[in-house]
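Shown next, in structure tokens, is the structure this report addresses.
Taken together, the values in this text are just the output of simple stated rules run on the coordinates, not laboratory data. Please read all numbers here as calculations on a predicted model, not as lab measurements. Cβ sites come from the backbone with ideal geometry, for glycine too, and all protein chains shown count toward neighbours.
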Amino acid sequence: MPGIQEWIMLAVLATIMFGPEKIPELSRKAARIVYFLRSVANNAQNQLREELGPEYADLDIRDLHPKTFIQKHILDDVQHDLDGIKSDLSDVRSDLDGNLKDAQMMGEDLKHELESAQGHDGGASRAGADVPFDVDAT
């Protein structure tokens, strides 16, 4: 799609080549040509739909472009497979989340049991408690 610079360049070239007095006439001719070509394309598309029958009533000429054709017919099958894989992975993720929650709950239970066991010992076997050190023993 041409940008603004290309359109300005074309306008300058048209003014130089044809002169400012002929530009409106040439613009009208160009518009008529574009209108004619669009009507020819629409008529060809309608004629193709009529000849192919009702099973191709939703035919769009743009669907016949190779990239669109591949995307529509081949990638749709791949997309179906990808959707299946995504659902399988979401099931695995939910299972893993459940297992993680179970492991966290077990860890909390063990922590509480350890704290309660240390409370009954009087704190003598606390983790990280200072161990007596005898300098003469070594």
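So what's the gap between the Cα centers of region 26-55 and region 83-101, to the nearest angstrom? Between the Cα centre of region 26-55 and that of region 83-101, the gap is 52 Å.
Axis angle, to the nearest 10 degrees, between helix 75-120 and the longest C-alpha principal axis of the chain: 20 degrees.
When the GluC sites (Glu not before Pro) in region 1-46 are filtered for DSSP coil states and for at most 14 other beta-carbon atoms within 10 Å of their beta-carbon, the remaining sites are 21.
Rg and Dmax of region 1-59, both derived from C-alpha coordinates alone, stand at 18.3, 53 Å. Helix 4-18 axis versus longest C-alpha principal axis of the chain: approximately 10°, rounded to the nearest ten. Kirkwood radius for region 62-122, taken over all pairs of different Cα atoms as the inverse mean of 1/r, rounds to 16.0 Å. On a 0 to 90 degree scale, rounded to 10, what angle separates helix 23-52 from the longest Cα axis of the chain? For 23-52 against the chain, the angle is about 70 degrees. Relative to its Kirkwood radius, the Cα radius of gyration of the chain gives an Rg/Rh of 1.56.
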